[in-house]
Each structure stands twice: as C-alpha cells, then as structure tokens.
Amino acid sequence: MRKKILIANWKMNSNLTDSQDFGFKLKNYSKEISSVDIAVCPPDVYLLTLVNIFKESNVLVGTQNMYHKEEGAFTGEISPKMVKDINAQIVILGHSERRQYFKETDGEINLKLKAALKHNLIPVFCVGEDLETREKGKAPEWVKNQVLEGLKDINSSDAEKIIIAYEPIWAIGTGKICSGEDANKIIKMIRGTIKEKYSEKVSDKVRILYGGSIKSDNFSEHIKYDDIDGGLVGGASLKYDEFTKIINLAANIKNTKVNA
Ligand code: PEP
C-alpha cells in the first residue's frame with residue numbers, strides 16, 4: 001500500500017513572515033495527520049527557516065530545484081550536498097517551468113535525479129505534455145519518453161525511491177483541470193512503463209502524483225483513483241486553509257478508492 005503524499009510548491013512566492021506563520025500552523029495541524037505524507041517546498045531563501053520549524057514533525061521540507069554538481073564555480077546554483085547539509089529531505093526536479101523558462105533538458109534532469117538519489121534526497125520527478133501535444137493525441141508517448149529519459153541508468157533500488165508527478169503543462173496555474181479520469185489514464189501508463197523497465201515490485205512502490213490547478217473543490221475527482229497517490233500543489237498550497245483542506249481530502253479517502 002503506497003502512502004499518499006501532498007507536496008506544496010510555493011514557486012517564487014511568499015515572504016519570511018508568511019512562510020513562518022504557515023509553517024507553525026501546518027506543524028500543529030500535521031500532528032493529527034498520519035495517513036498522508038506532507039511536504040513543503042518554499043523558495044530556497046526560506047528553506048532553512050522551514051527545516052527548523054518542521055524539525056521533530058512529520059512534514060518534509062525541500063527545494064524546487066538544484067544543480068547536479070556537489071560544489072564549484074556555478075554562480076547562483078545550490079547543490080544536493082547543501083540541501084542535505086541543512087536537513088531538507090526532498091527536491092522537485094524537472095518542473096515544467098524549469099523546462100520551459102530555464103531550458104532544462106531530459107538529460108540534465110536525469111543527472112539531477114541521480115545526484116538527488118546519491119545524496120539520499122527524495123526526488124519529485126515532474127513530467128507532462130503541453131496543450132499542442134495533448135490535442136494531437138500524443139500525450140502518452142510524450143510522457144513515456146520523458147519518464148524513460150529521466151530514469152536512464154537509474155537502478156531499481158533507486159527508482160523505487162522516486163516520486164513522479166504527472167503535471168500536464170496546460171493545467172498548471174491556468175485553472176484548467178485535467179479530469180481525474182484523464183490523469184488516471186496517463187498515471188496508469190507511467191506505472192506500466194515503470195513495470196516494463198524494472199518490475200512489478202518497483203511499479204507497486206513508486207508514488208505517482210497528479211499536479212495542475214488542484215483545489216479543495218476538484219481534488220476528490222483525482223484522489224479517488226487507486227493509481228493517483230497524491231498531488232503536487234502550486235497556487236492552492238500558498239493558502240493554509242486551502243492546502244489543509246486538500247490534505248484532508250487525501251487523508252479521508254481511505255477505502256473508497258476506484259480501480260479504473
Ligand atoms: C505546480 O506548480 O506544480 C502546479 C501544479 O501549480 P498549480 O497547482 O498552481 O497549477
């Protein structure tokens with residue numbers, strides 16, 4: 001049984017005061033939640049503050065990106081060793097905004113995944129198609145290729161530690177939601193790809209999330225599917241009440257999941 005996880009991606013938002021307020025409230029709330037994992041990925045300047053707030057809690061803290069090298073003359077970058085050094089545990093990699101605005105390639109994302117695994121960080125590996133690809137009916141092959149390129153030369157014991165987030169680009173920050181049924185189809189395909197490449201054991205372990213305009217009033221449509229193990233939440237994760245409502249949906253779904 002895979003444990004569901006909700007991950008907040010604050011992107012380049014929030015400030016020190018709001019991050020702290022959110023952190024203290026979420027820490028308190030998380031004491032009541034054991035059936036779902038929770039993670040918060042703030043901008044890097046607030047990372048250590050949140051790591052300290054969530055110390056001795058079950059909330060994971062992580063970064064939204066990192067470089068694959070350990071140190072050196074790479075101005076503006078942070079390394080896996082640094083993320084680990086401050087006791088952050090998780091890292092979002094290959095987010096579509098990184099791919100689109102910072103021209104990250106599948107090859108670079110593969111290097112970053114390997115670097116995260118080497119440093120015992122949990123990678124959240126993002127994949128997803130744009131609108132044009134979806135409208136041409138090519139989303140499954142596009143996403144499958146991203147998955148396989150990202151996982152190149154990663155062995156099965158490492159692969160099972162990776163969290164994959166399926167995030168159709170056209171649904172990110174747009175308010176357009178990919179239906180639970182459509183998201184489930186692609187997520188099932190991703191699980192099948194993992195099974196083909198590795199084994200059923202690995203594909204049963206890998207958590208695969210949906211991401212794209214998740215809100216408390218639409219997420220029950222996604223989380224009801226057996227194969228959808230949680231969500232990567234952008235805009236809605238900045239509001240404490242909204243994010244905790246979304247976590248509650250996942251925590252309360254339990255035995256009613258749909259195997260479609
Ligand atoms: C994201 O940033 O990964 C995301 C899914 O954003 P939003 O929830 O705002 O669409």
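The values are calculated or read from the model by the stated rules, or taken from the named source; none is laboratory data. Everything numeric here is computed off the predicted structure, so don't read it as measured data. All Cβ positions, glycine included, derive from the backbone under ideal geometry; neighbour counts span all protein chains shown.
A few notes on this one:
- Residue within the range 136-146 that is aromatic (F, W, Y), surrounded by fewer than 20 Cβ atoms within 10 Å (Cβ to Cβ) and touching a helix residue (DSSP H, G or I) at 6+ places or on another chain (Cβ under 7 Å) present: yes
- From the list E97, E104, E108, the one residue that fits, being within 19 Å of I154 (Cβ to Cβ), charged (D, E, K, R), within 16 Å of the ligand (Cβ to nearest atom) and out of contact with any strand residue (DSSP E or B) (no Cβ under 8 Å at 6 or more places or on another chain), is E104.
For every residue, the table says whether it meets (1) surrounded by 15 or more Cβ atoms within 10 Å (Cβ to Cβ); (2) modelled with pLDDT of 95 or more.
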residue	(1), (2)
V202	yes, yes
L209	yes, yes
D217	no, yes
G230	yes, yes
G235	yes, yes
F243	yes, yes
N252	no, no
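- Selection count, the range 229-246, where residues are within 17 Å of the chain's Cα centre (by Cα) and within 14 Å of the ligand (Cβ to nearest atom): 11
- In the range 123-142, the residues that are more than 16 Å from the ligand (Cβ to nearest atom) and either assigned to a loop (DSSP other than H, G, I, E, B) or within 24 Å of D85 (Cβ to Cβ) (or both): K136, G137, K138
- Qualifying residue in the range 212-227 (condition: under 16 Å from V124 (Cβ atoms) and within 16 Å of the ligand (Cβ to nearest atom)): yes
- Contacts under 6 angstrom Cβ, first residue in the range 222-251 being closer than 14 Å to V40 by Cα and without any contact (Cβ under 8 Å) to a residue 60 or more places away in the chain, partner part of a helix (DSSP H, G or I) and more than 10 Å from the ligand (Cβ to nearest atom), 6 or more apart: A236/E242
- For the range 209-256, the tally of residues that are part of a loop (DSSP other than H, G, I, E, B) and farther than 19 Å from A165 by Cα stands at 2.
- Filter pass, A260 being of a type outside the set (F, W, Y), more than 17 Å from the chain's Cα centre (by Cα), in a loop (DSSP other than H, G, I, E, B) and away from the ligand (no atom under 14 Å from the Cβ): yes
- Of all residues in the range 143-194, those satisfying the criterion of being within 15 Å of the ligand (Cβ to nearest atom), of a type in the set (A, V, I, L, M, F, W, C), modelled with pLDDT of 95 or more and not in a helix (DSSP H, G or I) are I163, I164, A165.
- No other residue among S19, S35 is on the phi < 0 side of the Ramachandran plot and at pLDDT 95 or above apart from S19.
- Condition met for I177 (under 17 Å from V124 (Cβ atoms) and either surrounded by 17 or more Cβ atoms within 10 Å (Cβ to Cβ) or among the polar types (S, T, N, Q) (or both)): no
- Counting only residues that are more than 18 Å from I177 (Cα to Cα) and of a type in the set (D, E, K, R), the range 228-244 holds 2 of them.
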